[in-house]
Amino acid sequence: MKTSIKLLASALVVALTVSISSPASADDHKSQDKVFSATMFPAANTNKLWLCLEKYKSENKIELMLISEKGEVLFQEVLCGKNSKQNAYRQQFDMSELKDGNYTFRVTAGTQKEQFAFKLTTPGVEAIQPTRLVAIN
């Protein structure tokens, strides 16, 4: 039983994949007049994702949305409006309540938009064949 649970847990680690667009380097935002840089990666806990965001212009509002493959908005938040001194945002999102499927985090500020697509899957439990050893006296 313990082996099955360990197998399932390790399979969940492998099953959670995140495709990430490459974040801009610190000097990139000046030449392209970007408002923010964002990145997303899996947490040590297999059911959670980290979203890290750095604002380059404090006067801009940034909108975060989690969207299902059916187009449903599951999470929405507006960050850092005018006169905000907070230029960094780091949030861990718990995905354990979501069903298997494709999801997208969308980060928008003015004309700049970045999307992070990921897929949640729960692997099936496979039967483990016992191994036998033959010892000769």
Grab the other residues whose beta carbon is less than 11 angstrom from that of Glu114, score K and R as +1, D and E as -1, and report the net.
+3
Sort 46-53, 118-125 by the packing proxy (mean of other Cβ within 10 Å over each peptide's residues), most packed first.
46-53, 118-125
Mean Cβ neighbour count within 10 Å, used as a protection proxy, ranking 35-45, 89-99 highest first:
35-45, 89-99
Could you please report the charge total around Met95, scoring K, R as +1 and D, E as -1 over all other residues with beta-carbon less than 12 angstrom from its beta-carbon?
0
Each label point is 7 Å from the Cα along the Cα-to-Cβ direction; what then is the distance between the points at Thr122 and Thr104, in nm?
2.6 nm
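Every number here is computed from the coordinates shown, using simple stated rules; none is lab data. Remember, predicted model here, so these are calculated numbers, not experimental data. Neighbour counts are summed over all protein chains in view; Cβ atoms, including those assigned to glycine, are modelled from backbone coordinates with ideal geometry.
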